[in-house]
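Below is one structure, written out as structure tokens; comments come after it.
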Amino acid sequence: NAGVTQTPKFQVLKTGQSMTLQCAQDMNHNSMYWYRQDPGMGLRLIYYSASEGTTDKGEVPNGYNVSRLNKREFSLRLESAAPSQTSVYFCASSEGLAGGHFGPGTRLTVL
Amino acid sequence: SQKIEQNSEALNIQEGKTATLTCNYTNYSPAYLQWYRQDPGRGPVFLLLIRENEKEKRKERLKVTFDTTLKQSLFHITASQPADSATYLCALDNTGTASKLTFGTGTRLQVTL
């Protein structure tokens with residue numbers, strides 16, 4: 001059981017470049033999430049998916065798009081990266097009231 | 001506006017003592033409140049969930065209380081150990097599903113010998 005896996009672990013982009021952050025879970029959870037974590041701001045929800053085929057905006061969705069490819073995978077895409085998107089990105093999954101399972105994070109720097 | 005407040009200052013405590021962390025919230029009516037632990041460079045790890053109709057929940061050395069009148073949750077670690085040193089986050093959900101969480105900024109706990 002790998003839990004929640006994220007790739008890549010680290011990424012440096014130049015302003016305007018695009019990239020996709022990948023996330024997969026092997027716990028058969030219906031719900032999946034993308035958060036960003038910045039110093040002093042806490043974790044903020046970018047997008048979430050309550051089930052396969054559905055996605056919804058969270059608190060800070062601007063500049064991001066998501067795809068729930070299947071039940072296991074939930075990707076986050078930055079179409080045109082900006083320095084304000086420098087952050088640590090966490091993917092998570094959950095089922096019912098069992099609490100969220102978080103991945104190890106992707107550390108993104110946008111120059 | 002909605003706000004979740006955790007003490008941003010680190011809590012330093014001696015080994016063996018009870019650590020108490022506070023989570024206050026405003027303009028929420030959460031059905032559930034959750035606590036997570038986060039170590040440096042890692043993702044948060046779920047610890048406990050408490051429902052609005054539960055006053056207290058325990059798990060081993062951990063105890064969480066939830067006072068919806070005071071809009072506050074307290075998180076206690078009894079018999080603290082250096083291995084308990086981490087940042088502790090509270091999170092709550094306003095949708096009644098325990099899923100779409102809003103997190104506090106966390107309180108760093110440092111347990112010394």
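At-a-glance table
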{"quantity": "Relative contact order (percent, whole number), chain B, Cα cutoff 8 Å, 6+ residue spacing", "calculated": "36 percent"}
{"quantity": "Average partner coverage of A:47-59, which counts Cβ from other chains inside 10 Å", "calculated": "1"}
{"quantity": "Inter-chain Cβ neighbour average for residues A:30-40, partner chain, 10 Å", "calculated": "2"}
{"quantity": "By average C-beta atoms within 10 angstrom, highest first, the peptides B:44-53, A:85-94, B:28-37", "calculated": "A:85-94, B:28-37, B:44-53"}
{"quantity": "Burial ordering of A:Asp38, B:Asp39, B:Asp93, fewest other beta-carbon atoms within 10 Å first", "calculated": "B:Asp39, A:Asp38, B:Asp93"}
{"quantity": "Computed label-point distance, nm, for sites A:Met27 and B:Thr18 using a 7 Å Cα→Cβ extension", "calculated": "3.0 nm"}
{"quantity": "Peptide A:92-102, shielding by other chains (average Cβ, 10 Å cutoff)", "calculated": "6"}
{"quantity": "Longest to shortest principal axis, alpha-carbon extents of the protein assembly as shown, angstrom", "calculated": "50, 39, 36"}
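Just so you know, all these numbers are worked out from the coordinates, no wet-lab data involved. Owing to the predicted nature of the structure, the values given are computational and were not obtained by experimental measurement. Backbone-built Cβ (ideal geometry, glycine too); neighbour counts: all protein chains shown.
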